[in-house]
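Undergrad: Structure incoming, see below.
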Amino acid sequence: MRRLTGKAKEETLIELQSTTDSQMTDGPAVLTAFRINLHSDESSGNGISSLSEGTHLPGHSETEGLRPNRDTVFFRDGVRRIDFVLSYVDDKDEKKQERRKAFEANLEKTGLELETEDKSESKDQKTYFLKIHAPWDVLATYADVLNIKVPFKESDMQHGQDVHLNWLSCPFRLPDHIMHPQTDYFTYPFDKNKVDFFLINDKETFFPPSTRNRIVFYILARVPYYSEGRMEREKTGIKRLLSNGTYTAAFPLHDCRYWKKNTKCESERFNLYSHWAGFLCFYKEQPLNLIRKYYGEKIGIYFAWLGFYTEMLFLAAVMGVICFIYGLLSYGDNKSSKEICDQNIGGSIVMCPLCDKKCPFWTLNSTCLSSWQSHLFDNEGTVFFAIFMGIWVTLFLEFWKRRQARLEYEWDLVDFEEEQQQLQIRPEFEIKCTNRRKNKITQEMEPYLPVTSKCARFIFSGTTVILWVSLIVACIIGVIAYRLAVYAAFASIIKDPMRKIQLVGRFITPQLATSVTASCINFVIIMILNFLYERVAIWITDMEIPKTHLEYENRLTIKMFLFQFVNYYSSCFYVAFFKGKFVGYPGKYSYMFGNMTKLRNEECDPGGCLIELTTQLVIVMAGKQLWGNIQEALLPLMRNWWSSRKGRHNPVNHYSRWEQDYVLLNFSQIGLFYEYLEMVIQFGFITLFVASFPLAPLLALCNNILEIRVDAWKFTTQFRRPVASKARNIGAWQEILNAVAILSVVTNAFIMAFTSDMIPRMVYLYAYSKDASMSGYINNSLSVYSISQIHPDNMPEDYWHDNSTSTCRYRDYRYPPGHEKQYTHTMQFWHILAAKMAFIIIMEHVVFVVKFFVAWLIPDVPSDVKARIKRERYLIQEYLHKYEVERLKLQLSASFITEPQSETSLTPDKHEVVSECS
């Protein structure tokens, strides 16, 4: 079943659809400059030059050696480029055959040219491939409709080069033809009536492959698959045909093989693989212009943001390492830990049981190791690092705005209004919304969703999100209950009441064992809930029927981030702000869900809860990054390997380009959403809780260096080529990052005040210490309780009575037994609480003032970019005016030539007037 068809008649999709589609534009009619290469060369990937009739391109002839060259992106004639490929399996289903027949007939009516590869030519002997080519008339029509900007004059703007420290940056630079694969041109939205205004050297290569596949996909998404005379609005678009199994795949083609350069074929994919996707290139800059040229601006802006984020992480990682080194160097000066480990001090202090019945009395020096570990992260340097990270976040966001503005200028997006593209009505909205009303602005009829239906959908969607968030909270409560129950079980293993509490080996206490196991269980629950909720979020967003692509992405982003925020951070918030804060004291303990549950609230280690927060953060953050890299690298590789091995018995170069791409994974329209979500969640870890783990930025830096190359490798080798799309910024993620940045200042201030032990130490040092040192701090921070007053329900089951020990100690500031205010808070408690609140207010105000000052000081758009934009607009308007004047002259000259011979006597005078005017 081989078929070669062309345009049946002069009819386009514009004539098949309502006039609403013709109002959709890709950008405003304002002129800017961008980089584009009109010349066909080995690395451009822009196709071929004009050929005389019967001439074949090198590498596209019918024979190459003894067998045809099938690794090609052209039709069998070697001239017409394949802009899109559809695949299907003929399973004798009559409904599917009718749909395909109607759909392909309507594609031909729009002017697209089709060529079918029979299943006998495919590797599995089952799959048909429908190749689609968009001729010049179709491209010109839809470039006009979509307002696509194209070059009309070579740019004469001088771009400054960074010459300072050029020798130092040489090892990190890529070849110039990789970094700048396109020449600068002034551009203007394409107008079919002004074809002679643009620099069209060759119509076949004027529109680059990324623009061509974008135009074709626009058509495919809106062509109906019902026959003439039948109006079934829901039967429209390639997406529905893919979902109902009529077609198995729809994708644009990659260039030729990525692992071996072919001089007879385009080499952009090979260049990306060689200079970007290899892990050995981790220290090199990214070829952002080539990424943008091959994949489109939307993917290009993601990698630009990820690369800039990784660069900024380097500074945060260095400061975090310095803070950690300070903790190591001040290890020997930690008097508190020395007192805890001292056999005469810590060994003589008997602590009250940490749980009912199962937990014995224990000596303070059993927590010697954990107190030293706490000092590594809970020291004076941590305060300065928390303040630094609050300022670093602002610098990152402000400098990114400047970098983004520069990319907008270089990528021809300065006056690109995202709404012009994203506010195009989604095909799903047009299909499902049968009600229509007149647009007050355009005065055209357009589909709409009634208010009652919209409210009902929003209520259902909001209720679903709340239920899932409640499920997360329920799971966290379950993990807390596990921590309370399992701690008693761990502690009961040790029967000797006066010895060190050891669980496994010499260095693991019940607190640490409970924290590690609970964190691991929590991580597993997080992964399971993520897997389930992703599908629920997409389902309820589809159910809402958003009108535009922008609305769809924003709604999905809000739902997913809200869920992920609660899912990933709730356990850290519990350890940071709730654990050990509502314990009570030996005579009046607090219980989870009341006294009947017998689950006593957790206490912090004598060294503080910060080390447990560090443990929780490391397990969740590192586990997520490890699991994410496994998912991103190994799973696509295994899936593609399994898919490609079915029915393949020959080397890969024996199969056609469309077959090689067919077995790759599909990159969905929301594929970048998951990439952004992963990085924003990581951004939350290194900002919200960074005071507890200064090495978090270093961990994130190492992950991101790998992440960039893994993502590059996936896009280049494991995914089909995505349909190119435009984007001038990172969208709703920018506002989410701003919100996380502001929240991080508050959380770090509260961590330093309430989770860390720094404020109580400072209050003791400056207000209560007799010799202005930390000597005696441990004894001062522990209150005394009479063992005889402990309730029998709180006493250990096998309590070994020692007459020499009549009291036990616990973490709090309360009066001792026998005092007139026994077991009530001392004045020192209120002094510490006041100091904590003062610290929070001062730290927040200092950081916020610096943040807002830095944000005001750094302009969002560099001054040189502003000047270039203004200069370009002036020059382009001038050139456009000259063109219109010349065009008017030609029209007047043509009208004089066509006048009757009887008026020839007047013609010289008219020409004279024209020449004088010119």
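Please treat every number below as a calculation from the coordinates, not as lab data. None of these values were measured; they are calculated from a predicted model. Cβ placement follows ideal geometry from the backbone for every residue including glycine, while neighbour counts extend to all protein chains displayed.
Undergrad: Pull up the cross-link candidates among the lysines for Lys770, meaning alpha carbon to alpha carbon under 18 Å and not fewer than 8 places away within one chain.
TA: Lys770 reaches Lys335.
Undergrad: Same structure again: Under the Karplus relation 6.51 cos²θ - 1.76 cosθ + 1.60, θ = phi - 60°, what is the ordered set of whole-Hz ³J(HN,Hα) values for segment 672-680, x standing for Gly and Pro?
TA: Each residue's phi maps through the Karplus curve to give 5, 4, 5, 5, 5, 4, 4, 6, 5 Hz.
Undergrad: Name the long-range amide H neighbours of Val350: under 5 Å, sequence gap of 5 or more, or other chain; modelled H, no Pro or chain starts.
TA: Arg809
Undergrad: Could you please state, rounded to a whole Å, how far the C-alpha centre of segment 735-797 is from the C-alpha centre of segment 538-590?
TA: Segment 735-797 and segment 538-590 have Cα centres separated by 27 Å.
Undergrad: Among Glu121, Glu872, rank each residue by its count of other Cβ atoms within 10 Å, from fewest to most, as a rough exposure measure.
TA: If I rank by nearby Cβ atoms, fewest first, I get Glu121, Glu872.
Undergrad: Moving on to the next point. How would Glu844, Glu612, Glu632, Glu886 line up from fewest to most surrounding beta-carbon atoms within 10 angstrom?
TA: Ranking Glu844, Glu612, Glu632, Glu886 by Cβ neighbours within 10 Å, fewest first, gives Glu886, Glu844, Glu632, Glu612.
Undergrad: Any chance you could run the full-extension gain for Arg406 through Ala838? It's 0.36 nm times the residue separation minus the Cα-Cα distance, nm to one decimal.
TA: 151.3 nm
Undergrad: What ranking of Thr615, Thr548, Thr187 emerges when the number of other C-beta atoms within 10 Å of each C-beta is taken as an exposure proxy, fewest first?
TA: Thr548, Thr615, Thr187
Undergrad: Past the 31 Å Cα-Cα mark, which pairs from Lys261/Lys298; Lys95/Lys260; Lys358/Lys581?
TA: Violating the 31 Å limit, Cα to Cα: Lys95/Lys260.
Undergrad: Identify the residues of segment 132-155 with backbone N under 14 Å of a label point that sits 7 angstrom from the Cα of Phe198 along the Cα-to-Cβ direction, or state none.
TA: Residues 135-153 qualify, since their backbone N sits under 14 Å from the label point.
Undergrad: Tell me, in nm to one decimal, what length is gained between Asp93 and Trp830 on full extension, where the rule is 0.36 nm per residue of separation less the Cα-Cα distance?
TA: So the extension gain works out to 257.4 nm.
Undergrad: Straight distance only, please: which lysines reach the Cα of Lys866 with their own Cα at less than 20 Å, same-chain residues fewer than 8 apart left out?
TA: Lys401
Undergrad: OK, next. Modelled label-to-label distance, Asn344 and Phe458, 7 Å Cα→beta-carbon offset: nm?
TA: Once both label points are built, they end up 7.2 nm from each other.
Undergrad: Taking the alpha-carbon centroid of each part, what is the distance from segment 800-871 to segment 299-358 in angstrom?
TA: Computed from Cα coordinates, the inter-centre distance equals 17 Å.
Undergrad: How large is ³J(HN,Hα) for each residue in segment 609-624, as worked out from phi by the Karplus curve 6.51 cos²θ - 1.76 cosθ + 1.60 (θ = phi - 60°), to whole Hz, x for Gly and Pro?
TA: Karplus-based 3J(HN,Hα) across segment 609-624 equals 8, 5, 5, 6, 5, 4, 4, 4, 5, 5, 5, 5, 5, 5, x, 5 Hz.
Undergrad: For each pair in Lys119/Lys432; Lys126/Lys432; Lys203/Lys293; Lys454/Lys547; Lys131/Lys192, compute the distance between the two Cα atoms and list the pairs where it is over 23 Å.
TA: Too far apart for the 23 Å limit: Lys119/Lys432; Lys126/Lys432; Lys131/Lys192.
Undergrad: Then there's this: Can you tell me how much longer the chain between Thr183 and Leu467 gets when fully stretched, taken as 0.36 nm per residue apart minus their C-alpha distance, in nm with one decimal?
TA: 96.9 nm
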